[in-house]
Amino acid sequence: MTPTRLAEGDPAPTFTLPDQDGTPVSLGDFAGQNVIVYFYPAAMTPGCTTEACDFRDNLNSLKAAGYQVLGLSKDAPDTLKEFQERDGLNFPLLSDPDLTVHNAYGAYGEKSLYGKTVTGVLRSTFVVNPEGTIRLPLYNVKATGHVASLRKKLGVD
């Protein structure tokens, strides 16, 4: 099953999910702002840690350029809390255990892993503009170097 992919100009699917503290966070909380919504397979795995730490290390410049970052995974809030504390992550980590939001964004489906076709989380990033539409949909991104590439696409120095 190939997920339906979002395209530039599509309305961003709205959501409300618990963060690492169990507090509900909605995309609508950031209305009028640019939001980077990124999906990653699992907290505390090597690639996901690399990607999260890159967002952490670049958060000040992203925020200065007007971007809020939200990380989404299927992990439970207590696992996300451990991830946040272990790696000093300074942005909300949201829990989507039933994959509803992953599916709405086309970030879950078939992928190739070590030459085998498997079903799982597709590492993806979406930039949502202040009007709530998709400005930049990026599917199957690489964990290493992704944030630098994203900054370049967004013109963030």
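Somewhere in the range 61-72, is a residue surrounded by 20 or more Cβ atoms within 10 Å (Cβ to Cβ), in contact (Cβ under 8 Å) with a residue 12 or more places away in the chain, hydroxyl-bearing (Ser, Thr, Tyr) and within 26 Å of Leu154 (Cβ to Cβ)? Within the range 61-72, one or more residues are surrounded by 20 or more Cβ atoms within 10 Å (Cβ to Cβ), in contact (Cβ under 8 Å) with a residue 12 or more places away in the chain, hydroxyl-bearing (Ser, Thr, Tyr) and within 26 Å of Leu154 (Cβ to Cβ). Residues that are at pLDDT below 95 and of a type in the set (Ser, Thr, Tyr) were ranked within the range 109-138; the one that is surrounded by the most Cβ atoms within 10 Å (Cβ to Cβ) is Thr119.
Quick grid of which residues meet (1) assigned to a strand (DSSP E or B); (2) over 12 Å from the mean Cα position of the chain (by Cα):
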position	(1), (2)
Pro41	no, no
Ala52	no, no
Asn60	no, yes
Lys63	no, yes
Gly71	yes, no
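Restrict the check to the range 31-38 and report whether at least one residue is at pLDDT 95 or above and polar (S, T, N, Q). Yes, there is a match, as at least one residue in the range 31-38 is at pLDDT 95 or above and polar (S, T, N, Q). Looking only at the range 110-157, filter to residues that are under 18 Å from Tyr67 (Cβ atoms), free of Cβ contacts under 8 Å to residues at least 40 places away in the same chain and outside any loop (DSSP other than H, G, I, E, B); which one of those is nearest to the chain's Cα centre (by Cα)? Going through the qualifying residues, I end up with Leu138.
The values are calculated or read from the model by the stated rules, or taken from the named source; none is laboratory data. Keep in mind the model is a prediction, meaning the values are calculated, not measured. Reconstructed Cβ throughout: ideal geometry from the backbone, glycine too, with neighbour counts over all protein chains shown.
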